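Peer 1: Here's a structure for you.
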Amino acid sequence: MNYYGLPNYEPVKRKAFISFHHNDQAEAEAFVEQWANRQAVFIPKVLGISDNDDFIDSTNPEYVMEQIRAKYLQDSTVTIVLIGQCTHSRRYVDWEIKASLRRGQDDPNGLIGILLPSCGNRKFHPPLPPRFHQHYSNEQARYALYQYSPTSADELRGWIEDAYNRRTSHEHLITNEQDMMKYNDVCKVCSVTH
């Protein structure tokens, strides 16, 4: 019981899918360890698509989206895209974002981009994945949230709740018709295809 005689409630832990570029895997794992395991802010879902998935070479976008939703996003309600310097060029990140924003039988996932610590001291802003950028760049019609690395569990929990609530309050802002990336793009930072 709290001071007012009301029961204390544990904060809600949302299920979050973590999307990232495989070159940032160590930072992604550290993020999950810190915020999901130690701080218990969210329940992590599977970390990202891999080349071992049997649907990767399919030419049917609907099938690919169904597989990503069923195998990876599952019952998550928020997608956290961990933004590193080369994340914008990865097709799997594009696919995960597209599947996260998909409407139909399920509500779309809330969408948060979080800048990884390796991107420096808030002075370096890497390019955003195009599909994410589309849902963040228009201040008047913004579905996605974009933040620096969290400094506290309460801060991250607040971002996740905001993204969760936007699934319904801002759903009309989702535009997800553009085709999926077929290949990894040339990285705008490194000038190579990873």
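The values are calculated or read from the model by the stated rules, or taken from the named source; none is laboratory data. What you see is a predicted model, and the numbers here were worked out from it, not measured in a lab. All Cβ positions, even for glycine, are placed from backbone atoms using ideal geometry, and neighbour counts span all protein chains on display.
Peer 1: Among N2, N37, N23, N8, which is closer than 21 Å to P129 by Cβ and either modelled with pLDDT of 90 or more or not basic (K, R) (or both)? If you could, list the steps in order and put the result at the bottom.
Peer 2: On the way: N2 fails: closer than 21 Å to P129 by Cβ; N37 fails: closer than 21 Å to P129 by Cβ; N8 fails: closer than 21 Å to P129 by Cβ.
Testing whether each residue is closer than 21 Å to P129 by Cβ and either modelled with pLDDT of 90 or more or not basic (K, R) (or both) leaves just N23.
Peer 1: For the range 143-165, does any single residue satisfy the condition of being part of a loop (DSSP other than H, G, I, E, B), touching a helix residue (DSSP H, G or I) at 6+ places or on another chain (Cβ under 7 Å), modelled with pLDDT of 90 or more and farther than 29 Å from A26 by Cβ?
Peer 2: Taking the range 143-165 and keeping what is part of a loop (DSSP other than H, G, I, E, B), we get 143-144, 148-152.
Add one more test, that the residue is touching a helix residue (DSSP H, G or I) at 6+ places or on another chain (Cβ under 7 Å), and what stays is 143-144, 149-150.
Then drop every residue that is not modelled with pLDDT of 90 or more, which leaves 143-144, 149-150.
From what is left, the residues that are farther than 29 Å from A26 by Cβ are 143.
Scanning the range 143-165, I find at least one residue that is part of a loop (DSSP other than H, G, I, E, B), touching a helix residue (DSSP H, G or I) at 6+ places or on another chain (Cβ under 7 Å), modelled with pLDDT of 90 or more and farther than 29 Å from A26 by Cβ, so the answer is yes.
Peer 1: So, one more: Quickly run through the range 121-147 and pick out the residues that are hydroxyl-bearing (S, T, Y) and either in contact (Cβ under 8 Å) with a residue 40 or more places away in the chain or surrounded by 14 or more Cβ atoms within 10 Å (Cβ to Cβ) (or both).
Peer 2: First, the residues of the range 121-147 that are hydroxyl-bearing (S, T, Y): 136-137, 143, 146.
Answer for the range 121-147, where residues must be hydroxyl-bearing (S, T, Y) and either in contact (Cβ under 8 Å) with a residue 40 or more places away in the chain or surrounded by 14 or more Cβ atoms within 10 Å (Cβ to Cβ) (or both): Y136, Y143, Y146.
Peer 1: Next up: With surrounded by 13 or more Cβ atoms within 10 Å (Cβ to Cβ), hydroxyl-bearing (S, T, Y) and in contact with a Pro (Cβ under 8 Å, 6 or more places away or on another chain) as the only criterion, which of S118, S100 stands out? Explain how you work it out, then say what you get.
Peer 2: Numbers: S118 fails: in contact with a Pro (Cβ under 8 Å, 6 or more places away or on another chain).
From the options S118, S100, the qualifying one is S100.
Peer 1: Within the range 75-84, can one find any residue that is surrounded by fewer than 20 Cβ atoms within 10 Å (Cβ to Cβ), modelled with pLDDT of 85 or more and not in a helix (DSSP H, G or I)?
Peer 2: Narrowing the range 75-84 to residues surrounded by fewer than 20 Cβ atoms within 10 Å (Cβ to Cβ): 75.
Retained after the next criterion (residues that are modelled with pLDDT of 85 or more): 75.
Next, only the ones that are not in a helix (DSSP H, G or I) stay: 75.
Yes.
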